[in-house]
Each structure stands twice: as C-alpha cells, then as structure tokens.
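For reference, the structure discussed in these notes is given below.
The values are calculated or read from the model by the stated rules, or taken from the named source; none is laboratory data. Keep in mind the model is a prediction, meaning the values are calculated, not measured. In this analysis, Cβ positions are derived from the backbone assuming ideal geometry, glycine residues included, and neighbour counts consider all displayed protein chains. Just the protein is used for accessible areas: all its heavy atoms, side chains included, with ligands, DNA and RNA removed. Shrake-Rupley method; radii C 1.70, N 1.55, O 1.52, S 1.80 Å.
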Amino acid sequence: MSNNGSDASPVQSVDRAVTVLEILAREGEAGVTEIASELGVHKSTAFRLVAALENRGLVAQHMDRGKYRLGVGILRLAGATTARLDLVQESRPICEQLAREVGETINVAVLADGFALYVDQVAGPSALQTRNWVGQRLALHATSNGKVLLAYRPDARLAEPLERFTQFTVVDPAVLERQLDDVRGHGYATTVDELEIGLTAVAAPVRDLDGRVIAALSASGPSFRLERAQLTKTTEAVCVAADEISRRMGNSRVTAS
C-alpha cells in the first residue's frame, strides 16, 4: 500500500479517478474502504478522489448506506458521445450517396469549444488527394460548416480578433454577421478561398428532433470545379442531403424531397 497518495503525480491521480469509476461501473456501488483497498491507497486518499468525482457529478453517495455509485454526470458525458456516434451512423449512407452525386469531399461537423469539429468524411470520386479532416477543429468564421453552426447556434462564440487564413478570410465581425444573416435566410453557407486558396465549400444545417441545429453537412472541392452552375447544383444536393439526415435524426419538420 502507498504511504498516503498525497505525493501522487497528476497523471497517477487521473488514473486512480478513472479506476474509481471503473470499480463503480463493475460493482454498482462501493464504499470508501472497498475503493481504497482496490486502489491500494489510504482511505483518506480514496475519499479525496471520490469527493472530487462527486463534486463533478460523476459519482453520487447513497444516503442510506453511505456507499457511492455512478452519478448522472456520467450519463451526460455518455449522452454526448452517443449523440455524436448516432449522428455519424445515421449520416454515413447519406454522405456516401452525396459524395457519389456531386463527386466532391463530404464532411459532417459539430460545434465544439468554439470550433467546427469534423466528425466524419467521405471522399467523392473527383476528390484529389483528399486531406483527412476527421478529428480536426477548424475555424468557425472561415469554413462553410462553421458559418452554419455560427448562424444557428446561439451558444457559438468566436475569439476576437478573427484569424486571417487568406486574403479572402472574413475578419470583420460586422461583415461576418451580415453573412450569418444570409445563411439563416438562404438555409446554407458558402466559402470561397477563405480557409485555403483554391478551396470552395457549401454547407447546410442538420437538425434534431426538436429542430435544433446539431451539425453541419458540407461538400468541398477545388474552386475551379465548383464554379457558378456546378456550385448551385452542389448546394441543392447538400441541402437535400442535410434534410434527409435531419429526418433520420428524428426531425419531421423538414420538407420531403
């Protein structure tokens, strides 16, 4: 048994806290003595770990027996992950179909800590050396997905000053706000050469059961290929696909195509 755990490194403390959660997941509930015994630490150390987890809502104490069990905070974290996995699962066949239809790279992004987090990607047959954006956090103000999320999510926040990626990046908040008004009016967002020179993208919102925008669906490709007529055609296809994903996510308010 360790001396008292007070000299534990931050990594060791995190590891022990995760082990506490695993113990409770396995046993259903456990007391501080049982937790301390399995961790190989003093009861005081185990109590501090449990108290920290309880403060975050990750564990809760059973008032009658004094034992601890997993708290509702775990459900909140699991729910966020499940919702994201459900989105990817439901959107994947639509993204594959859209990629075949427009020939370009299709991405799904969600709002995460002030960025557009790309959670899925399908490359179309015309895509050239497609960069894998999955797991990347991209600027909201310089991407079509980001502008959709900014336009429809009141909790979206931008850090100012806005970063300039190319000479075409919109860095004036007033201009950006006018663009977001257009996004809300038209139901989609486009960006041309704003994140990278030669890259054009169009995105549309994906809604949940309650009509809230939970993600953005985009198609992107070389600017020379996504000019006027082709961009219009691609925009229409993206909007139809986003509506279909919304229906799969439980939203019945979108108009069937």
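When region 142-160 is filtered for residues that are basic (Lys, Arg) and assigned to a loop (DSSP other than H, G, I, E, B), the ones remaining, listed by number, are Arg153, Arg157.
Filtered by the rule that a residue be among the hydroxyl-bearing types (Ser, Thr, Tyr) and modelled with pLDDT of 95 or more, region 130-145 gives Thr143, Ser144.
For the condition open to solvent by 20 Å² or more (accessible area, probe 1.4 Å) and closer than 23 Å to Tyr152 by Cβ, what is the one hit in Val108, Val134? Of the residues listed, the single one that is open to solvent by 20 Å² or more (accessible area, probe 1.4 Å) and closer than 23 Å to Tyr152 by Cβ is Val134. Scanning region 194-248 for residues that are of a type in the set (Ser, Thr, Tyr), in a helix (DSSP H, G or I) and open to solvent by 20 Å² or more (accessible area, probe 1.4 Å) yields a total of 1.
Between Leu98, Leu58, the distinction of being closer than 30 Å to Ser126 by Cα, surrounded by 13 or more Cβ atoms within 10 Å (Cβ to Cβ), at pLDDT 85 or above and in contact with a helix residue (DSSP H, G or I) (Cβ under 9 Å, 6 or more places away or on another chain) belongs to Leu98 only. If we scan region 114-125, do we find a residue that is modelled with pLDDT under 90, open to solvent by 50 Å² or more (accessible area, probe 1.4 Å), under 18 Å from Arg225 (Cβ atoms) and more than 21 Å from the chain's Cα centre (by Cα)? The answer is yes; a qualifying residue exists. Residue selection: Leu85 fails the criterion of being modelled with pLDDT of 95 or more, part of a helix (DSSP H, G or I) and not small (Gly, Ala, Ser).
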